[in-house]
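For reference, the structure is listed below as C-alpha cells.
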Amino acid sequence: MSGLYEFLSFGRELSFSSWGLFALAVFIVGFSKTGLPGVTIVSVPLTAMIFSPKISVGLMLPIYMMGDVISVWSYWRFAQWRYCFPYLLFVGLGVWSASFVAELVDDKTFGVVIGWTVTVLILLSAATDRMQKWGQKWRQPARAEAQVRDEKILQETREAREAGKSPAPATSVFFGLVSGLVSALANAAAPIMAIYMIMARLSKFQILGTTAVCSFFMNWIKVPLFLSLNMLSVETLKLDIVSIPMVVVGGLAGILFAKKLPQKAFKNLVLVVALAASVKLILS
C-alpha cells in the first residue's frame, strides 16, 4: 500500500471527496465513449474542481485515449470512414491554431462563444427535422395506413441513402476546425462532434463507430501540442494508469446502455446532452 502511495505522489494532497469526483469523471469518460457521445464534456468541470485548468486538460487526455481504445474495439465495424478523414484534416488545423487563439481569448469568453455555437447548431438541426416533417404532412394530408407505412419505408431508405453520401466540404471544414480548436483548449469538443454526427443522419451504432474513430485520431493529433506545452507529465500519467479500471467499467456500462436505448431516444438524448453542455459553457 505504501508503494502505491509513493507511486501516486501527484495525488497525495487530494481529499477523499476529490478522489471520488475524479473517479466519477473517469467513469463518465468511459461511459460516453461507448454509450452516449457528448456526455464526456461533463468530466471537464468535474476535473476542473480538483486540478488547475492546465493540469486538468493534460491529465484527462490519456484517459480519453483509453476510452477511445474501448470504443474503437467495440464499434469500429460501424464507422463511416468518409466522415472521418476530411473532417480530421481540419481537426489538425484547429489543434494547430489553438496555441494562437489561447493567447488572444480568455477561457470564459471562449466558453461562451463555443456554447452559443453549439446551441445554434442544435436549434438548426431540430428546426430542419421539424420542417421536413411538416412538409410531408402538408403534401399529403389524407393517407391510408398502408400508404403511410410505405412512405415511412421510403423515407428510411432516403435517409439511409443520404447518410451514405460524403459530407459537404464546408461541413467538414467548419466542424473540423471548431472541434480541433475546442478539443485542444478544453477537451470539450464532444458536443460539436455529436452535432456533426447527428446532422449526417447516421444510425445509432454508426454514430458510435464514427465518433470512436474520429476521437481516436483527434486525441493522438493533440499529443505533440500537449507535450510542447508541458501539459503531460510523468506524475499525471501515473494517475492516468491507476484510473484504467474505472474507464473500463464506464465503457462496459456504456455498451449495455447503447444496446438498450432505441434509435430515436438515442438521437434526442444526444441532442439534450449537447444542449445542456452548451448552456453550461455559456453560464460558466
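Assorted remarks:
- Test: residue in the range 99-113 that is among the small types (G, A, S), assigned to a helix (DSSP H, G or I), surrounded by fewer than 15 Cβ atoms within 10 Å (Cβ to Cβ) and modelled with pLDDT of 70 or more: yes
- Residue in the range 206-226 that is surrounded by fewer than 16 Cβ atoms within 10 Å (Cβ to Cβ) and of a type in the set (D, E, K, R) present: no
- Looking only at residues in the range 207-244 that are of a type in the set (S, T, N, Q) and either under 19 Å from the mean Cα position of the chain (by Cα) or at pLDDT 90 or above (or both), the one that is farthest from P167 (Cα to Cα) is S243.
- Selected residue (only one of A265, A189 is of a type in the set (A, V, I, L, M, F, W, C), free of Cβ contacts under 8 Å to residues at least 24 places away in the same chain and either out of contact with any helix residue (DSSP H, G or I) (no Cβ under 9 Å at 6 or more places or on another chain) or buried (at least 21 other Cβ atoms within 10 Å of the Cβ) (or both)): A265
- Hits in the range 26-65 (condition: outside any helix (DSSP H, G or I), of a type in the set (G, A, S) and farther than 17 Å from V182 by Cβ): G35, S52
The values are calculated or read from the model by the stated rules, or taken from the named source; none is laboratory data. Small disclaimer: the values here were computed from a predicted structure and weren't measured. Positions of Cβ are backbone-derived with ideal geometry, glycine not excepted, and every protein chain shown enters the neighbour counts.
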